[in-house]
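Undergrad: Next up is a structure, given as structure tokens.
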Amino acid sequence: MTSKLSMAQEFIKKLIDILEINLENENFGVLELAKEVGLSRSQLHRRLHDINGKSTSQFIREYRLEKAMEMLKLNSGTASEIAYRVGFTSPTYFNTCFHNFYGYPPGEVKFQRAIAPPKKTFSKKLMGSIPIIFLIGMIVYNQILNKTSRDNSNVEKTIAVLPFVNNSDNEENMYFCNGIMAGIRDHLAKIPEFSVVSRLSVEQYRNTSSPLKVIAQELDVNYLIEGHVQRIGDRAIISAELIRVEDNKVLWSERYDKDVSEIFTVQANVISSITKNLKTIISPSLKTQLEAIPTQDKQAYEHYLKGEDYRFKANRSLQENRIWLNLLKKARLSYELAIKQDSLYAPAYLGLALTVFEKNQSYVLDENNLDEVLTLTNKALQLNSNSELAYLIRGDYYRMINQNDKAIKDYEKTLEIVPNNTGALHSLIMLYKYKNNYIEAVLTLKKLEKFAISRSDLLRLYQNYILFYRILEQHEMVDYYYNKSFQLDTRPSFDMGRFWSYYQSNRLDEPLTYVEKNLHQDNQQRNGLLGYVYLRKKDYPRALEYYRKCYEQVEVEGINSLASVGVYGGYGALLVQMGQITKGKKIIKKQISVYNEILNSKRPFNKPIIYLLSMELHAFLGQYEEVHDYIKKFEAVNGWLYWEWMATWVKNDPSYEIVLNDPIFKASLKRGEKQLEEVQKQIRPYLPLTPPTKTD
């Protein structure tokens with residue numbers, strides 16, 4: 001008995017040691033723990049359950065919560081900071097788990113230590129329990145009385161399609177499984193009454209053992225769809241079910257055993273079943289779209305699904321440049337094979353267009369073929385004139401090359417076909433702003449509010465709130481919506497907008513902390529941003545240190561970050577200020593060449609910004625004729641309102657001190673400040689200037 005107990009204790013200690021090492025790793029879950037101890041997931045679950053009656057996920061979660069309690073008692077950080085330090089992906093979810101486990105939220109830990117709960121006498125306990133007993137009775141009564149009505153209630157139709165399980169013997173068939181899941185998800189997203197979580201957001205729940213209610217809570221949805229796919233030659237066995245999270249009820253389930261050529265029909269049947277069960281009516285035209293069969297060629301479909309899988313995996317922020325480019329190359333080849341197999345397969349042209357877009361980032365100066373996007377989307381529209389995705393991609397293309405009127409028409413066409421397309425609404429808001437139509441931009445923001453139900457939609461909505469509040473220079477509201485975004489984002493990452501919001505409000509220690517905390521790799525982005533902030537702080541030695549690092553990396557790698565587009569200018573200007581005038585001016589001229597290359601390209605990146613930066617560099621070289629020429633170009637493209645807070649930026653940035661006394665520039669700056677005041681007058685009535693209260 002003692003030996004058995006000690007073995008169990010030793011096993012638990014081993015698990016705790018592993019969890020301690022991986023405490024901050026939010027991706028370290030059941031599967032990873034099982035691998036570390038050399039057991040399968042089911043073996044680990046059985047062994048833990050025999051020892052303490054807990055599941056593996058419960059054991060991991062409770063260990064993280066206990067470590068969080070230790071940190072909170074030591075006052076070693078805020079609840080949000082500690083949430084991430086103990087491996088939770090969301091402070092909101094952490095608060096919920098903590099409250100459920102300890103009986104009070106993390107913010108009350110200090111009070112729990114200070115005040116012991118009073119002991120209750122039996123009579124007090126009884127008196128205290130009477131209202132609770134009454135309340136429970138009422139709840140039970142209402143549940144019985146309203147059971148039927150709850151089944152037909154108008155629950156918000158927020159849905160997440162979880163990663164389907166690949167039951168095929170061949171692991172390589174995962175791309176096929178993912179394609180089925182993505183197809184169903186994309187079809188559901190076209191239905192205006194539904195708000196569907198993005199595939200990227202649900203990917204973290206692949207191979208998870210988290211309860212469905214927890215997943216639904218984290219994704220903020222009321223319905224989940226689960227599925228399994230087994231591929232046997234040309235046959236596909238697909239099972240799927242729709243679950244209402246509130247009561248864990250399976251509203252619909254079905255199993256299909258079909259030839260691969262019938263997959264599109266299966267997807268249409270799934271969508272039809274879900275809409276019927278959720279009592280959703282769709283228009284005849286949308287029904288026709290959802291039932292369309294884009295290709296009869298099984299091989300073309302196979303190639304297309306492989307292309308989609310490669311493109312989804314090609315996430316630049318998560319991979320080395322070499323791996324990212326290789327995945328995009330494989331995606332392109334797969335789409336081309338699909339088109340070769342079936343030249344009338346419209347989605348393959350759109351997949352290829354997206355691959356071109358993703359490879360040719362706006363700040364990459366390599367030779368590009370962005371015009372190919374126009375050719376590909378036009379071809380797709382010839383094949384399917386009701387493709388909202390084709391209009392959306394073509395709109396993005398026109399926006400990139402500054403043909404904004406054409407972009408607006410394509411985004412509006414997207415919304416005619418799919419009114420709840422939040423991507424088109426978001427892009428329209430930006431374009432209306434660029435065209436000085438701020439009233440239309442705010443009204444479009446109100447439309448976006450209507451469809452912002454799911455987590456991903458709310459994140460996009462908050463991003464637009466941030467843009468408008470930055471125009472109003474309401475930094476409290478900017479921080480408020482950044483914090484709300486941070487609470488919602490299950491995959492928090494570095495946000496360049498938040499960096500600039502600190503910079504705009506002249507809180508220069510905060511962007512430094514933000515970069516140090518979120519960008520750990522010694523790369524162009526980190527060094528370029530740190531150099532920029534230290535330059536603004538007039539800490540020239542530190543600025544020079546980081547600009548030199550960024551400069552050396554760009555010389556080897558080429559420009560591969562938005563933060564390093566202007567590195568030559570910053571580095572050169574610093575060298576001039578530090579007395580290395582000849583070398584500094586030589587590097588400044590190199591920056592001017594880079595900017596000219598951008599301006600002469602077919603898709604000039606942030607043209608107004610480039611004009612302003614070029615003006616500053618020519619001032620460093622004493623070339624005031626060129627300075628005045630760039631001021632004219634800058635105002636001709638409505639530069640002061642391109643980023644509405646640009647006048648504030650220029651006045652506070654030491655780089656522009658060299659031109660602040662130039663009469664032509666001073667007059668231009670005054671016009672920019674007046675334009676900003678006019679815009680603020682237009683939009684201020686539409687937006688509250690203080691955060692909503694807790695009861696709002």
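Undergrad: Name the residue from 166, 669, 465 whose Cα lies farthest towards the positive end of the charge dipole of the chain, charges +1 on Cβ of Lys and Arg and -1 on Cβ of Asp and Glu.
TA: 465
Undergrad: Ok, one more. Counting helices only, and only those DSSP H runs with n ≥ 4, report the 222 nm mean residue ellipticity of the chain as the sum of -39,500 (n - 2.57) divided by its residues, in deg cm²/dmol to the nearest 500. It would help to have the intermediate numbers written out before the result.
TA: On the way: 34 runs with 447 residues, N = 696.
That calculation yields -20500 deg cm²/dmol at 222 nm.
Undergrad: What residues qualify as long-range amide H neighbours of residue 165, i.e. H under 5 Å apart, gap of 5 or more or another chain, H built at 1.01 Å from N?
TA: The answer is 227, 228, 229.
Undergrad: Which of rounded, prolate, oblate describes region 171-305, given a ≥ b ≥ c as roots of the alpha-carbon gyration tensor eigenvalues and a/c under 1.5 marking rounded, otherwise prolate only if a/b is larger than b/c? Walk me through the numbers on the way to the answer.
TA: On the way: a/c = 1.78, a/b = 1.23, b/c = 1.44.
Cα axes put region 171-305 in the oblate bin.
Undergrad: Also, quick follow-up: What list of ³J(HN,Hα) couplings, whole Hz, do you get for region 48-55 from phi and the Karplus terms 6.51, -1.76, 1.60, once you set θ to phi - 60° and write x for glycine and proline?
TA: 5, 5, 5, 7, 9, x, 10, 7
Undergrad: Using a simple charge model, +1 on the beta-carbon of Lys and Arg, -1 on the beta-carbon of Asp and Glu, nothing else, what dipole does the chain show about its Cα centre, in debye to the nearest 20?
TA: Using only the charged Cβ atoms, the result is roughly 1340 debye.
Undergrad: Along region 510-519, what does the Karplus equation 6.51 cos²θ - 1.76 cosθ + 1.60 (θ = phi - 60°) give for ³J(HN,Hα), rounded to whole Hz, x for Gly and Pro?
TA: Rounded to whole hertz, the list is 5, x, 4, 4, 5, 5, 4, 6, 10, 10.
Undergrad: Nearest 10 degrees, 0 to 90: what angle lies between the long axis of helix 404-417 and the longest principal axis of the chain (Cα atoms)?
TA: Long axis of 404-417 versus the principal axis of the chain: about 20 degrees.
Undergrad: For the chain, what does the accessible surface come to per residue with a 1.4 Å probe? Please give it in Å².
TA: Details: 34550 Å² over 696 residues.
Solvent-accessible surface per residue comes out at 50 Å².
Undergrad: Tally the DSSP beta bridges in the chain and give the antiparallel ones as a percent, rounded to 5.
TA: On the way: 20 of 27 bridges.
Once the DSSP bridges in the chain are tallied, antiparallel ones form about 75 percent.
Undergrad: Taking Cα pairs under 8 Å and at least six residues apart, what relative contact order does the chain come out at, in percent? Please list the in-between numbers first.
TA: Values: 839 pairs, mean separation 52.7, N = 696.
About 8 percent, as a whole number.
Undergrad: Within the accessible area of the chain, what % is carbon and sulfur when the probe is 1.4 Å and the other protein chains stay in place?
TA: 51
Undergrad: Using a 1.4 angstrom probe and counting only protein chains, how large is the accessible area of residue 208 in Å², to 10?
TA: Counting only protein heavy atoms, the figure is 50 Å².
Undergrad: Can you list the residues, at least 5 places off or on another chain, whose amide H is less than 5 Å from the amide H of residue 256, using H built in the peptide plane?
TA: 238, 239
Undergrad: May I ask you to evaluate 6.51 cos²θ - 1.76 cosθ + 1.60, the Karplus curve with θ = phi - 60°, for each residue of region 427-443 and list the ³J(HN,Hα) values in order in whole Hz, giving x for glycine and proline?
TA: 5, 5, 4, 4, 5, 4, 5, 4, 8, 6, 9, 6, 5, 5, 5, 5, 5
Undergrad: When a/c is below 1.5 the answer is rounded, else prolate if a/b is larger than b/c, else oblate, so apply that to region 303-439 with a ≥ b ≥ c taken from the square roots of the Cα gyration tensor eigenvalues. Spell out each step's value before the answer.
TA: Numbers: a/c = 2.02, a/b = 1.35, b/c = 1.50.
Oblate, since a/c reaches 1.5 and b/c is not below a/b.
Undergrad: Is region 197-255 rounded, prolate or oblate when judged by the Cα gyration tensor, a ≥ b ≥ c being the square roots of its eigenvalues, rounded requiring a/c under 1.5 and prolate requiring a/b larger than b/c? The partial results should precede the final answer.
TA: On the way: a/c = 2.54, a/b = 1.53, b/c = 1.66.
Because a/c hits 1.5 or more and a/b fails to exceed b/c, region 197-255 counts as oblate.
Undergrad: Expressed as a whole number of Å, what is the distance separating the alpha-carbon centroids of region 189-221 and region 533-548?
TA: After rounding, the separation between the Cα centres reads 43 Å.
The values are calculated or read from the model by the stated rules, or taken from the named source; none is laboratory data. Since the structure is predicted, the reported quantities are computational estimates derived from the model, not experimental observations. Using ideal geometry, Cβ is built from the backbone for each residue, glycine included, and neighbour counts are taken over all protein chains shown. Accessible surface is based on the protein model in full, side chains and every heavy atom, while ligands, DNA and RNA are left aside. Shrake-Rupley method; radii C 1.70, N 1.55, O 1.52, S 1.80 Å.
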